[in-house]
Structures are given as structure tokens and as C-alpha cells.
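Just below is one structure, and these are the notes that go with it.
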Amino acid sequence: MKPRSVMVDVDVDRGGCVETSRLTTLQQPIYKEAGVTHYCVKNMPTAVPVTNTKALSDILLPYVREVAGRGLMYAINSDAGFGRGVAVAEGRVVDPVLARATGTEHNLLSSVLTLRSEAR
């Protein structure tokens, strides 16, 4: 990240989502590393449950509508990022991290679902 950036790690409870994350507290919520300000307070979303629920709903609703209205295949084919968020498809694990964590066979999403090349 560029110097003077701010990184908020909402996954710090599970080890963090960036290499430089380390747990902070509400008493000392930030630290700087490599010129980047980090905020890594554990269990942040529960501090503001109504706001958190609204934000999560606002983010997820367009995806839910896309899948409900046009189907999973269309959603994956129209947004490559959507495909990267699929963990299980057709009953098979397509996320390598989930496969490792559960001792399950990893399957490529493209081998489970027929995708256009730009969605792979």
C-alpha cells in the first residue's frame, strides 16, 4: 500500500487479511507500519451491529438479486470477481483454502461449472 494509506482489517480475529496486521484494542486502536495506518480491533462489527447489518446487506443485496434473477452461471460470467468468491459449487469445494482447512479435494471452479474464458 502507498504511504499515508489507511487499512482497516475486519478479519483480524482470524489472523488478519494483510501481512502487516496485528491485533489492536479500543484503547490503542491504531499503529503505523511502512507508512500505513492500521486499525485492527478485534470483533469490530459487533460494536455497531445495526450499522454493520445495514452495510453488509447493502453490499450483498446486488449479488443476491443477480443470482436470484438470472442464476449463478450468469452472475459468475458477468463478474469475474464473483467467481472468486465461490467456495462450494455443485457440492464440490472450489476454494483452495477451504479445501485445505477441511481436508477436502479442491476442484477448479471452471471444471465444475462451464464458464466463459473471461470469468475463469
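Every read-out reported here was derived from the displayed coordinates using simple, explicitly stated rules and does not represent laboratory data. Small disclaimer: the values here were computed from a predicted structure and weren't measured. Backbone-built Cβ (ideal geometry, glycine too); neighbour counts: all protein chains shown.
Mind checking which aspartates and glutamates have their C-alpha under 20 Å from residue 32, skipping anything on the same chain fewer than 8 residues away?
Those aspartates and glutamates meeting the cut-off are 9, 11, 13, 19.
Given only helices, namely DSSP H runs of n ≥ 4 each adding -39500 (n - 2.57), what is the per-residue ellipticity at 222 nm of the chain, to the nearest 500 deg cm²/dmol?
So the helix-based figure for the chain works out to -10500 deg cm²/dmol.
How much length is gained on full extension from residue 46 to residue 102, taking 0.36 nm per residue of separation minus their Cα-Cα distance? Numbers along the way, then the final one.
Details: separation 56, 0.36 × 56 = 20.16 nm, distance 2.71 nm.
Length gained, residue 46 through residue 102: 17.4 nm.
For the pair residue 2 and residue 31, what calculated FRET efficiency results from E = 1/(1 + (r/R0)^6), where r is the Cβ-Cβ distance and R0 = 22 Å, to the nearest 0.05?
0.80
Using modelled backbone amide H atoms (1.01 Å from N, in-plane), which distant-in-sequence or interchain residues come within less than 5 Å of residue 24's amide H?
40, 41, 42
Report, by chain and number, residues whose modeled amide H sits under 5 Å from the one on residue 89, excluding near sequence neighbours (fewer than 5 apart, same chain).
Those lying under 5 Å, H to H, from residue 89 are 94.
Please give the helix 49-70 orientation as an angle from the longest Cα principal axis of the chain, in degrees from 0 to 90, rounded to the nearest 10.
20 degrees
Can you give the relative contact order of the range 6-45 as a percent, counting alpha carbon pairs under 8 Å and 6+ residues apart?
Over the range 6-45, the number comes to 48 percent.
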